[in-house]
Amino acid sequence: MLLITKRLYMQTAEHFNTTPSCVERNLRTLIQNCWSYPDHSFLNLIAGTELQQPPTNSQFIDILAAYLRN
């Protein structure tokens, strides 16, 4: 997953003409914004389990990829 994440950051950054660190930071911001809502039911639905803490960037990407595959 680490190589996928680093490659994904690089390719996304190139596509949007920014840096990989900006992509990583914005993904962390997205996760924190999702987690800040009092109701995590949709995030739990996507994850397929009840999350006890915010997912890491890699976990979030994995959760979204698995949800989109199904």
Flagged in region 6-29 as surrounded by 12 or more Cβ atoms within 10 Å (Cβ to Cβ) and outside any helix (DSSP H, G or I), in numbering order, are 18, 19
Pairs only if they're at least six apart or on different chains, beta carbon under 9 angstrom, first in region 24-51 and without any contact (Cβ under 8 Å) to a residue 60 or more places away in the chain and farther than 20 Å from residue 6 by Cα, second of a type in the set (Asp, Glu) and in a loop (DSSP other than H, G, I, E, B); list them, first residue then second.
40/50; 44/50
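Read the figures in this text as sums done on the coordinates, not as results from a lab. Only a predicted model underlies this, so the values are computations on that prediction, with no experimental measurement involved. In this analysis, Cβ positions are derived from the backbone assuming ideal geometry, glycine residues included, and neighbour counts consider all displayed protein chains.
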